[in-house]
Structure formats: structure tokens, C-alpha cells
């Protein structure tokens, strides 16, 4: 949509111009849809070509294992709150799986391309850059699935019978929750990344975002082990829906009605962020054009 | 030796001059450092909210480990990491030739290429954490213990630096090394916990393979006066052999370097 010039508002025939713009718009949507399979194929080929790097990236997601080791030591002499050793195993392995599946790296790419000006190449293509980035990031999911398989198997083998939810509806909705978590991650990254249109230190800002994520998503410590007010605050922030919610849903720490409600909240956050991302992007594009022109 | 000290001074002044050009960045980085310092205490506070002791470590003692962690992190991100990024750029673009041509040891030149002076905040933060920990313990560390701890600090920085030399050496083979540095940073994060918290494979990994124990747990034990002389000796020997190994690998890698332009 960015590459398509805005509605050419001819002063003489505003109606015809509007109709033409609408047609162009639906054309753009069609074209984007047609391009998506190709984009996905290219993205997958990319991910496979750099598989060693990809593996290193995934290996650096080891925080849940370290925290698991720590909490196991703590829980050795009795459970902590609702968490015994087995719950910790279930929680952190599930957290690792969710984190591996919902990873995105668009912020680094955006930041780099905006600063280096190579974003112009993307703008020349008749597909919205955000769609292209999203396709590249989604394309890595099969590889992510393969690489997180050992963790999943370990999870099922260790606590599969006892700590994974038996509710078929929740199990079926788990992929939806993961998709929502990925969307929130990706869109938040896009927004912060697009701030590079205005400020130098967008990546520093993202560091703060990651810091907040570490605490309020339950990535470091399960939210229910925090003092009550932190857990309550977390329910009003997007971070919980990026990790803790899918995890708690999977390991049966949420009732069906509660999980359904939170799923709604999650997708509401995703929708809000989508609006935010496209607005930031549109405003940023003006800045970028000003730079280049 | 004197020549290298002078060189170090020159390199440091150059970095400081560059850093002074970006004063706003200074503030942002400083604020971020403070933010992370406070944030890194969160898991600790939660754990000790539920328990008064974990794997034989009281809250105050674990706080001392966090102090060392903050110190080492400051060293890592202020003195080691920036240089590493520069070298990787050099290798990728083939401009390492200009460094190799200079009449000084290449390893010295590349490892002092860039500093981030603002990381001094981390050092101050670490001192503050030590102060709080010992205030809560109600005692002052004995001078002898401080001396041992400082000696181990030297070993710790040297080991951390050696790990990085190994990572840089890998850059000669795989070029895109920023991922590796990211991986190491993520592993290094585990150093905020006393190593005795970990068991089995993890303990082995963090003591011998990636000697995190040497970087934070042992100096903390020394400062608390709980370190056995035998462990201290082993730590010194271990870090010395690790450094020698890193130097050897570096020399081999640099011999293999062919300029990217040729």
C-alpha cells in the first residue's frame, strides 16, 4: 500500500478519483495475497540457508532452562506457592516452547534498514514492507517447530500425563494463543523499530521493552509467585499475553472460561497494536521520504 | 610494557573523545545501565521472598554474587563487547590489514579498539550493592579477604576476556559472529546466581566449560571469606590455562587470516 501512490484527488472529478483509489486499493490487497506464498518460500529458504546462525539464535534462548534449574533448587525442600518441582518443569519447558515459536527479529532489521537507507529497496516492491517482514518472520516457523520439537517431547515425556491440560478445547486453541502471542511480539517490534524514523536509539528503547517483558510476561518468574499487585498489573499489560497466558493455558493452570476470556484480551491487544503499527508506519514513511528526497 | 601502557592510554582517550560527541547517548546508556541493575535484582527478590536460604546462600550472600555479576557485566559491555564488534567489522570488510600492519601486537590493538566509558556506572552500582550487602550482614570484609577477592577479580576479567578472544577467533572462520556474542551474553546471564544452585550437567558446564563460577561465585566467596584456599588456587590455575589456550587459538586464527580483499 505504501508503494501505491495515494489517491490522486483530482479537483474536477472527486468521485471518479475515489473510485479509482478504491480499485487500486483492492488491487494492492490482491497483489499482496498473491505474493505471500512466494514470500514465505523465500523466507523459508533464507532460514534454511542460515541454519547454523538460526540454531545459535535459538540456543541463546536458554533463560527458561537456567531459571528452571534455579527454581528446582528452591523447590527441593517443598513447593513454592502453587509450584512444586513438577510444576516448575512444566512451566519453564512450556515457556521455552512458546518463546521459541513466537520469536521475531524484525526490530533489528528495521532499525538497520532505516538507518542505512536500504529500506528504499523494499519500498520499491509492490507489497507493504510490514507484510514482507511478517512473511519472512513467519516463514521461519517450520524450522522453529523442528528445533523446539526436542523440548516439546521432553515436556510431554516428563510431565505430559499429569501437568498438560486435558481440556480438548484449550488444547485446540493453544495454536491460536501462540499465534496471538507472535502477533503481539511482531507488532510491538514493528512499532518500536519504526521509531527509528524519528530517534537514534530505537534499539535502546527496545531493550527497556525487553526488560519489562522479562518481568511482566512471566518469562523469568511465574507471575503468580510475585506479590499480588504485580500479577494484577500484568493483566493490564500486553506482556502477559505474549508468554504467560499460552503457557498457563497449556499446563492447565487456567479454567476454560478464564482462558477464553484472556484469549479475547490477547487478540484485542493484537488488534490495537496492529492499528498502532500501521499508524506509526504511515507517519514514519513521510519522514523517510523527507530524508531521501 | 611502558609502550603498551601508553598505547592503552591513547586508545582510551580516543574512545572517550568519541563518546563525548554523543552526549545524549551517554545519558540514555547511563539510565539504561541503572534500569538493568535494578531489574536484575527482581528474580532474586522474588526467590528470597519465598525462601530465606537457597542452596546454602542467604539473601545477603547472593547479593554479593549479584554485585560481582554487575561488575563483570560492566567490564563485558564497557571494555570487551565494543572492541569485539569493531574487529568483526574489520574482518568482514578486510580492513583488519591496517591493524595488522601497525607495529604493535594485533591482539592488544584489537582488544583495546573501543571502550564505553559510561559503563563506569556499573562499577559504582556494584560497589553500592556490596555496601548494601555488607551493611545488612553487619560486618566489613577483612582486608585479607578483599585482597584475595581482588586477585580473583583479575583472574575473572582475564578469563572473560579470553572467552571473547575465542569468540573473535571464531570470526575468522564463520565471519558472522554477532550471533555468537549474543549467545555468550545469554549464557553469561546465568552468572548472576551462585554456581552451587545448579546441579549435574549445568554445574559442570558453568564451572569448567564456560567458567562462570570463576567470574562471580568464587570472587564473592572470597569477599565473604568462605573460599577454600585450594579452590582459589585452582581458580588461578584454571584462568591462567584458559588465557593461554585463548592466546594460542588467536595466534593460529590470525595466521590463517587472508584479507577479504585479496
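One line per residue, one yes/no per condition, for (1) modelled with pLDDT under 85; (2) more than 25 Å from residue A:241 (Cβ to Cβ); (3) touching a strand residue (DSSP E or B) at 6+ places or on another chain (Cβ under 9 Å); (4) part of a helix (DSSP H, G or I):
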residue: A:89; (1), (2), (3), (4): no, no, no, yes
residue: A:92; (1), (2), (3), (4): no, no, no, yes
residue: A:95; (1), (2), (3), (4): no, no, no, yes
residue: A:98; (1), (2), (3), (4): no, no, no, yes
residue: A:114; (1), (2), (3), (4): yes, yes, no, yes
residue: A:122; (1), (2), (3), (4): yes, yes, no, yes
residue: A:127; (1), (2), (3), (4): yes, yes, no, no
residue: A:131; (1), (2), (3), (4): yes, no, no, yes
residue: A:147; (1), (2), (3), (4): yes, no, no, yes
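Within 14 Å of chain A (Cβ to nearest Cβ), outside any loop (DSSP other than H, G, I, E, B), under 20 Å from the mean Cα position of the chain (by Cα) and more than 24 Å from residue B:135 (Cα to Cα): which single residue out of B:214, B:237, B:205 fits that description? If you could, list the steps in order and put the result at the bottom.
Working: B:214 fails: within 14 Å of chain A (Cβ to nearest Cβ); B:237 fails: within 14 Å of chain A (Cβ to nearest Cβ).
So the residue among B:214, B:237, B:205 that is within 14 Å of chain A (Cβ to nearest Cβ), outside any loop (DSSP other than H, G, I, E, B), under 20 Å from the mean Cα position of the chain (by Cα) and more than 24 Å from residue B:135 (Cα to Cα) is B:205.
Kindly indicate the residue of the stretch A:84-103 that is under 23 Å from residue B:51 (Cα atoms) and surrounded by fewer than 20 Cβ atoms within 10 Å (Cβ to Cβ) and also farthest from the other protein chains (Cβ to nearest Cβ) among those meeting that condition.
Out of the qualifying residues, it is A:86.
Sort out for me the helices (runs of 4 or more DSSP H) sitting completely within the stretch B:25-129 that have 3 or more residues that are within 20 Å of the chain's Cα centre (by Cα) and either within 11 Å of chain A (Cβ to nearest Cβ) or at pLDDT 80 or above (or both).
On the way: elements: B:42-50, B:59-75, B:81-93, B:96-101, B:106-111.
Counting at least 3 such residues, we get B:59-75, B:81-93.
Can you confirm whether the stretch A:72-80 contains a residue that is surrounded by 15 or more Cβ atoms within 10 Å (Cβ to Cβ), in contact (Cβ under 8 Å) with a residue 24 or more places away in the chain and touching a helix residue (DSSP H, G or I) at 6+ places or on another chain (Cβ under 7 Å)?
Yes, the stretch A:72-80 contains at least one residue that is surrounded by 15 or more Cβ atoms within 10 Å (Cβ to Cβ), in contact (Cβ under 8 Å) with a residue 24 or more places away in the chain and touching a helix residue (DSSP H, G or I) at 6+ places or on another chain (Cβ under 7 Å).
When you scan the stretch A:1-83 for helices (runs of 4 or more DSSP H) that lie fully inside it, which ones turn up with 2 or more residues that are closer than 30 Å to residue B:45 by Cβ, in contact with a strand residue (DSSP E or B) (Cβ under 7 Å, 6 or more places away or on another chain) and modelled with pLDDT of 80 or more?
Numbers: elements: A:14-49, A:51-59, A:63-75.
Answer list for the stretch A:1-83: A:63-75.
What tally of residues in the stretch A:182-233 results from selecting those that are within 13 Å of chain B (Cβ to nearest Cβ), over 30 Å from residue A:282 (Cβ atoms) and in contact with a helix residue (DSSP H, G or I) (Cβ under 8 Å, 6 or more places away or on another chain)?
Residues in the stretch A:182-233 being within 13 Å of chain B (Cβ to nearest Cβ), over 30 Å from residue A:282 (Cβ atoms) and in contact with a helix residue (DSSP H, G or I) (Cβ under 8 Å, 6 or more places away or on another chain): 14 in total.
Could you grab me the full set of residues in the stretch A:114-131 that are surrounded by fewer than 19 Cβ atoms within 10 Å (Cβ to Cβ) and touching a helix residue (DSSP H, G or I) at 6+ places or on another chain (Cβ under 9 Å)?
Listed by number, the residues that qualify are A:115, A:117, A:118, A:120, A:121, A:122, A:123, A:125, A:126, A:131.
Out of B:199, B:139, which single residue is exposed (fewer than 14 other Cβ atoms within 10 Å of the Cβ), away from chain A (no Cβ under 14 Å) and over 30 Å from residue A:105 (Cα atoms)?
On inspection, the qualifying residue turns out to be B:139.
Hey, can you tell me all the residues within the stretch B:154-190 that are more than 10 Å from chain A (Cβ to nearest Cβ) and either outside any helix (DSSP H, G or I) or within 21 Å of residue B:47 (Cβ to Cβ) (or both)?
B:175, B:188
Could you run through the stretch A:149-183 and say how many residues are closer than 24 Å to residue A:38 by Cα and not in a helix (DSSP H, G or I)?
Count: 0.
The values are calculated or read from the model by the stated rules, or taken from the named source; none is laboratory data. Note that the structure is a prediction, hence the values are computed from the model and not measured. Every residue, glycine as well, gets a Cβ built from its backbone with ideal geometry; the counts of neighbours run over all protein chains shown.
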